[in-house]
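Accompanying notes for the structure given below.
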Amino acid sequence: MAQVKTLGEFIVEKQADFQYSKGELSRLLSDIGIAAKIVHREVNKAGIADILGETGDVNIQGENVKKLDVYANNQFIAALSVGGECCAIASEENEEIIIVDNSVSAAAKYVVALDPLDGSSNIDVNVSIGTIFSIYRRTSLSGPGTLEDFLQPGTEQVAAGYILYGSSTMMVYTTGKGVNGFTLDPSIGEFCLSHPNMQTPKKGKIYSINEGNYVHFPEGVKKFIKYCQEEDAATERPYSSRYIGSAVADFHRNLIKGGVFLYPTTSASPKGKLRLIYECNPMAFIIEQAGGKASTGSKRILEVVPTSLHQRSPLFIGSKDMVEKVEDLIAKHSIPAAKAAK
Ligand code: P6P
């Protein structure tokens, strides 16, 4: 039987990749793995336990809060707080950053931004959902973590990853030395290395977008959708349209099979819908490490300098050739501001 390598063994083994590493990042990633296993357990019995449905609260995004959202948020905050390796946490579920206020954590050198349960509108209909996380080295020199610690461009991320609660539960992450995927084996309660050194195909035949918003899309995006639908044997078109409505699930499928996920600006989301700091940036870090690309439509996602914690961004992410095709069409069909002003 092939030797199984657990997440814990892998993290320790790769710790050697980081000179001067004293194990803090390793422990931080392990803390995330522990919280993931706890959330996995609840997600997989949501249909049984009284954890379905809504709490009756509305979060800062104006979204109805699902019980599992709150549960996941609490579990990750607790694991990160107890672990002592991060001094502050930013969560989609919390308007302000959470200071991890204990003697050990105050000296910790990392901050973690996370979407504890993305796609939660799918919980009650048993569709895959996910957790997304992003880790930065704090920029503040001492004392409690600060908002500025989170307002760093995605290029500064130390690590990023997601947990996908799907037909199996997987944890996929990068520390800047490639992308590795681990599948939870519930029989031993361990994440085991199942997808070493993940690389996304340069070309893909899948496009993922909510075409219900078509009329509001920028012209270049409309042209890309039509491009995907044209018959052309040489480029294996038409492509397939696949859209789950859960970013982590759509991203993960395209990462493995090749494809492009698009969330452009729409009338409901004039700045895009996905959050820069704890959704776009972590997935952008992963896709670049896997040989793909992530763009706002005109700029590399990882180079956007955030100005607020929950700011949104348009997102075009996946196979390099497909993202570049979208960027080309957006550039070609964008109306220069001056001309538009006439
Ligand atoms: P729409 C889920 O609510 C989410 O934030 C992402 O996971 C998903 O990709 C997107 O919204 C779906 O949005 O507008 O297509 O329903």
(request) Please name all residue pairs, on different chains or six or more residues apart, with Cβ atoms under 6 Å, provided the first residue is in the range 256-269 and is more than 24 Å from Pro196 (Cβ to Cβ) and the second residue is within 12 Å of the ligand (Cβ to nearest atom) and β-branched (Val, Ile, Thr). (result) Leu262/Ile209
(request) Look at the range 102-137 and say how many of its residues are of a type in the set (Asp, Glu) and within 21 Å of Ile34 (Cα to Cα). (result) 2
(request) Select from the range 139-156 the residues that are among the charged types (D, E, K, R) and under 20 Å from the mean Cα position of the chain (by Cα) and list them in ascending order. (result) Asp149, Glu156
(request) Among the residues of the range 107-144, write down those that are within 16 Å of the ligand (Cβ to nearest atom) and without any contact (Cβ under 8 Å) to a residue 12 or more places away in the chain. (result) Val125
(message) From the list Leu164, Leu184, exactly one residue is within 16 Å of the ligand (Cβ to nearest atom) and either surrounded by 19 or more Cβ atoms within 10 Å (Cβ to Cβ) or part of a loop (DSSP other than H, G, I, E, B) (or both). Which is it?
(response) Leu164
(request) Please tell me if Ile98 is more than 16 Å from the ligand (Cβ to nearest atom) and under 24 Å from Glu303 (Cα atoms). (result) no
(request) Could you grab me the full set of residues in the range 180-202 that are at pLDDT 95 or above and either in contact with a Pro (Cβ under 9 Å, 6 or more places away or on another chain) or of a type in the set (Ser, Thr, Tyr) (or both)? (result) Asn180, Gly181, Thr183, Ser194, Thr200
(message) Being assigned by TED's automatic domain parsing to the domain that holds Asn59, modelled with pLDDT under 95 and among the aliphatic types (A, V, I, L, M) is the requirement here; does Leu141 meet it?
(response) yes
(message) Yes or no: the range 172-181 includes at least one residue that is within 16 Å of the ligand (Cβ to nearest atom) and either over 19 Å from the mean Cα position of the chain (by Cα) or buried (at least 18 other Cβ atoms within 10 Å of the Cβ) (or both).
(response) yes
(request) Give me the pairs, please: first residue somewhere in the range 38-67 and assigned by TED's automatic domain parsing to the domain that holds Pro186 and within 16 Å of the ligand (Cβ to nearest atom), second residue anywhere and in a loop (DSSP other than H, G, I, E, B) and at pLDDT 75 or above, beta-carbon distance under 6 Å, and either six or more positions apart or on two chains. (result) Asn59/Glu93; Ile60/Glu95
(request) Quickly run through the range 304-331 and pick out the residues that are buried (at least 22 other Cβ atoms within 10 Å of the Cβ) and on the phi < 0 side of the Ramachandran plot. (result) Ser313, Pro314, Leu315, Phe316, Ile317, Ser319, Met322, Val323, Val326, Ile330
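Okay, residues lined up against (1) surrounded by 14 or more Cβ atoms within 10 Å (Cβ to Cβ); (2) farther than 21 Å from Glu279 by Cα; (3) of a type outside the set (A, V, I, L, M):
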| position | (1), (2), (3) |
| --- | --- |
| Ile209 | yes, no, no |
| Phe224 | yes, yes, yes |
| Ala233 | no, yes, no |
| Tyr239 | yes, yes, yes |
| Tyr243 | yes, no, yes |
| Gly258 | yes, no, yes |
(request) For the range 290-342, enumerate the residues that are at pLDDT below 95, among the aliphatic types (A, V, I, L, M) and assigned to a loop (DSSP other than H, G, I, E, B). (result) Ile335
(message) Condition first: within 25 Å of Glu219 (Cβ to Cβ), of a type in the set (D, E, K, R) and either more than 12 Å from the ligand (Cβ to nearest atom) or assigned to a helix (DSSP H, G or I) (or both). Now tell me which residues in the range 243-278 satisfy that.
(response) Asp250, Lys271
(message) For the range 83-135: of the residues being part of a helix (DSSP H, G or I) and among the hydrophobic types (A, V, I, L, M, F, W, C), which is farthest from Ser21 (Cα to Cα)?
(response) Val125
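The values are calculated or read from the model by the stated rules, or taken from the named source; none is laboratory data. Everything numeric in this text was worked out from a predicted model, so none of it was measured. Backbone-built Cβ (ideal geometry, glycine too); neighbour counts: all protein chains shown.
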